[in-house]
Amino acid sequence: MSPPTDRTEESTDRPRVEWFGFERRSLLQALGAGASLSLASGTASASGEESDGEVAAAETAEERTDERNGSNRIDPVFGYPTTDAEGIPAGLEPDHVVELHREFPEDPADPERTSVFHFEPSGLHVSAGDIVAFVYTDPNHTITAYHPGHGFQRRVPEGVPAFSSPIVQKDGAWLYRFERDGVYDLYCGPHEIAGMAMRIVVGELVEGELPDYVESFEAEPPLFAPLSPAALENELNAESTPNDDCEWPWPTDGQVLASEALDPLAVQEAGEVPFAAVADELGVVFDHDDTDETTPTVQARDHPEYGTVLVGPDGMTVYAFDNDVQGAGESACTGECADAWPPLTVEGEPVAGDDVAASLETFDRETGETQVMAAGRPLYYFARDEEPGDAEGQGVNDVWWVLDPSGAPIRTE
Ligand SMILES: [Cu+2]
């Protein structure tokens, strides 16, 4: 199925939505709730403070996007969905990518664990006019603005309509262009109550002049504020009389958005805030994808026979090979040798653990793998070592040695 690239004026039968300028908003507000007025471009019904989503209006936003995008148009309400995140058309190349994630518990039977739903990153800073691609790594999510049009307190800048993605299939994407400066709080419809919310800061915020809706997690009925665990537990307990001490197992969207990690100025400063930062703060058990980046590639561990030695990310002993030339950036152990002495490889940059004094560098092996060096010496495992602490390779053929934290071989008898 091809994406809806051809939304001509003739084929569009839904009301157009205008992004109100502040001037016109003020006029509507001045007229008060229930006022209707005809504008040169059409008829607008204003029902008070929050009417943006209901307004049939002028071509302003559409003309603006058409001009920039040619026939590919990002709708200010419906965005631009595509079933193929890899096939985004020219003119709509995203400036930023946010992934929609669900992490399953390691042990589905563990009563302490639940799936974790989140946006990655959960905080993002963009410039006005930037396109963000929300990529569906997992199905059954939406990207939806907190807006009275969706039954919520407005937590997007004034004048921004009630926008939302549809549910897009896995490996699809939804594009949205963030036009107005301000703070945009977004949630996933199916998983809002499980804390799937995020914050996008557009433009430059000034300390002390944050939009009021950032601070107030309050809304007058019939609108909702982002949820609190207490409210959910109250509801749970009211609905299930035999259980009067239900605990909500997820963080809520209210907690996520109120986290210090997603403080708007912090988001602006960081550029991107990973969900892991929010999870840490809220005490969410979370097996995030970046484990390998934060686990040191090389660590120092005490060994009962050889003192402090270098080990790999899994705690297994690593060795230096005397046939390698220190600093040469190549390995003398290939083929069968490498079967017995597998290289310590890494994707990206190696990370040194505490107490590792050796500088870590890498080089590319002939196989294309990236091997780690400590103080210029390529590092290898020994295939016969079975668990951390094993050092069966020490002294083999008088050329294989464990290393001390400075990366020097420890040559024993
Ligand atoms: Cu979701």
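Take the residues in the stretch 168-189 that are within 24 Å of L282 (Cβ to Cβ) and within 16 Å of the ligand (Cβ to nearest atom), then tell me which one is most open to solvent (accessible area, probe 1.4 Å). Once the filter is applied, the top-ranked residue is G189. Among the listed residues A320, A332, identify the single one that is in a strand (DSSP E or B), small (G, A, S) and at pLDDT 95 or above. Among A320, A332, only A320 is in a strand (DSSP E or B), small (G, A, S) and at pLDDT 95 or above.
Taking the stretch 321-338 as the range and being of a type in the set (D, E) and more than 38 Å from the chain's Cα centre (by Cα) as the test, the residues that pass are D322, D324, E336. When V135 is tested against (1) at pLDDT below 90; (2) hydrophobic (A, V, I, L, M, F, W, C); (3) open to solvent by 20 Å² or more (accessible area, probe 1.4 Å), just one condition goes unmet, and that condition is (1). Identify the residue in the stretch 190-215 that is open to solvent by 40 Å² or more (accessible area, probe 1.4 Å) and either basic (K, R) or over 19 Å from E103 (Cβ atoms) (or both) and, among all such residues, is farthest from the ligand (Cβ to nearest atom). Among residues in the stretch 190-215 that are open to solvent by 40 Å² or more (accessible area, probe 1.4 Å) and either basic (K, R) or over 19 Å from E103 (Cβ atoms) (or both), the one farthest from the ligand (Cβ to nearest atom) is G208. For the stretch 138-150, taking the residues that are over 13 Å from E120 (Cα atoms) and open to solvent by 20 Å² or more (accessible area, probe 1.4 Å), the one that is farthest from the ligand (Cβ to nearest atom) is identified as P148.
Set side by side, the residues A261, A230, A279, A238 differ, and just one is within 16 Å of the ligand (Cβ to nearest atom) and either open to solvent by 50 Å² or more (accessible area, probe 1.4 Å) or part of a helix (DSSP H, G or I) (or both), which is A279. Scanning the stretch 89-102 for residues being closer than 18 Å to D138 by Cα and either open to solvent by 20 Å² or more (accessible area, probe 1.4 Å) or more than 16 Å from the ligand (Cβ to nearest atom) (or both) gives a total of 3. Considering every residue within the stretch 351-359, establish whether at least one is of a type in the set (A, V, I, L, M, F, W, C), open to solvent by 30 Å² or more (accessible area, probe 1.4 Å) and in a strand (DSSP E or B). Yes, that holds for at least one residue. Per the listing S259, S164, S228, the residue uniquely among the small types (G, A, S), in contact (Cβ under 8 Å) with a residue 24 or more places away in the chain and more than 30 Å from G91 (Cβ to Cβ) is S228.
The values are calculated or read from the model by the stated rules, or taken from the named source; none is laboratory data. On a predicted model such as this, the values are computed, not experimentally measured, just so you know. Here Cβ is always computed from backbone atoms with ideal geometry, including for glycine, and neighbour counts include all displayed protein chains. Note: accessible area is taken over every heavy atom of the protein model, side chains too, but ligands, DNA and RNA are not part of it. Shrake-Rupley method; radii C 1.70, N 1.55, O 1.52, S 1.80 Å.
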